[in-house]
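The values are calculated or read from the model by the stated rules, or taken from the named source; none is laboratory data. Bear in mind that the values here come from a model prediction, so they are computed numbers and not experimental data. Glycine also receives a Cβ, built like all others from the backbone with ideal geometry; neighbour counts cover every protein chain displayed. Please note that ligands, DNA and RNA were not included when accessible areas were found on the heavy atoms of the full protein model with its side chains. Shrake-Rupley method; radii C 1.70, N 1.55, O 1.52, S 1.80 Å.
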Amino acid sequence: MMDRKSLLFCMFEFLDTLKSGRSSCDRAQVAAMLTDNTMHRIFSYGYNGNVAGGANACDSDEVGNCGCIHAEINVLIKPRPIVTGPLVMLSTDSPCRNCAKAIINAGVTSLYFVKWYRECEPLWLLLDAEIEIIRYKPKIDEVAKVTIRVVEKRKVSQDAYARRPDKKVCPKV
């Protein structure tokens, strides 16, 4: 019998290929996908870059102001069927503040990501909105099977948010 990779691993493998082949941002390549909670129906996917039909380059070299549309926004602005169940977003990176706000407004219930973004504040926003955050780490075990390990899942109350020592301290996800 053939060993199969997990569905989640395959989806992140697709996103990794998408970002490396399509993202036109010079500084960061990010890809994202919106799916149902079974991950059998993909509603949209996207990557960061300039406007459709525009130059395949950033408008500026300034960090945080390159002018590229973020992958999460590209995913959320695409038309999708009316969905009655939970929405799940998979992203190669955790979101920035504006993308976190858009994710909340879109009604996403769970976010899976692999790599940390440079700021932690957006994750606190998502936790306050009761969005489940799951960080996945692809890992190869001793028999070369690919597994994905779930790192601790947490929801944080408003009190914990108010008491946090510093906005730069990341929630434990």
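Within region 41-64, residues that are farther than 20 Å from C99 by Cβ sit with their Cβ atoms under 8 Å from residues that are of a type in the set (V, I, T), at 6+ positions apart or across chains, in these pairs: R41/T35. Just checking, does region 86-97 include any residue being of a type outside the set (V, I, T), more than 24 Å from W124 (Cβ to Cβ), touching a residue at least 40 places away in the same chain (Cβ under 8 Å) and touching a strand residue (DSSP E or B) at 6+ places or on another chain (Cβ under 9 Å)? No: zero hits.
Checked against (1) hydrophobic (A, V, I, L, M, F, W, C); (2) in a loop (DSSP other than H, G, I, E, B); (3) under 12 Å from the mean Cα position of the chain (by Cα), I73 passes all but a single condition, namely (2).
Tell me the residue from L34, L18 that is of a type in the set (A, V, I, L, M), part of a helix (DSSP H, G or I) and either touching a helix residue (DSSP H, G or I) at 6+ places or on another chain (Cβ under 7 Å) or crowded, with 19+ Cβ neighbours inside 10 Å (or both), please. Explain how you work it out, then say what you get.
Details: L34 fails: part of a helix (DSSP H, G or I).
Result: L18 is the single residue among L34, L18 that is of a type in the set (A, V, I, L, M), part of a helix (DSSP H, G or I) and either touching a helix residue (DSSP H, G or I) at 6+ places or on another chain (Cβ under 7 Å) or crowded, with 19+ Cβ neighbours inside 10 Å (or both).
Taken over region 73-89, the criterion of being touching a Ser or Thr at 6+ places or on another chain (Cβ under 7 Å) and under 11 Å from V108 (Cβ atoms) is satisfied by V75, P86, L87, V88.
Of the residues making up region 37-54, those that are part of a loop (DSSP other than H, G, I, E, B), surrounded by fewer than 15 Cβ atoms within 10 Å (Cβ to Cβ) and in contact with a strand residue (DSSP E or B) (Cβ under 8 Å, 6 or more places away or on another chain) are N37, R41, V51. For V151, the conditions (1) under 26 Å from N48 (Cβ atoms); (2) at pLDDT below 80; (3) touching a Leu at 6+ places or on another chain (Cβ under 8 Å) are fulfilled apart from (3).
Any idea which of I104, I82 is at pLDDT below 95, of a type in the set (A, V, I, L, M, F, W, C) and either open to solvent by 40 Å² or more (accessible area, probe 1.4 Å) or more than 11 Å from the chain's Cα centre (by Cα) (or both)?
Of the residues listed, the single one that is at pLDDT below 95, of a type in the set (A, V, I, L, M, F, W, C) and either open to solvent by 40 Å² or more (accessible area, probe 1.4 Å) or more than 11 Å from the chain's Cα centre (by Cα) (or both) is I82.
Contact map, region 18-38: residues that are of a type in the set (K, R) paired with residues that are assigned to a helix (DSSP H, G or I), Cβ distance under 8 Å, separation 6+ or inter-chain. Pairs shown: K19/A71. Step by step: first the residues of region 107-146, then only those that are part of a strand (DSSP E or B) and either open to solvent by 60 Å² or more (accessible area, probe 1.4 Å) or of a type in the set (K, R) (or both), then the one that is modelled with the highest pLDDT. Which residue is that? Step by step, filter region 107-146, then rank; the result is K115.
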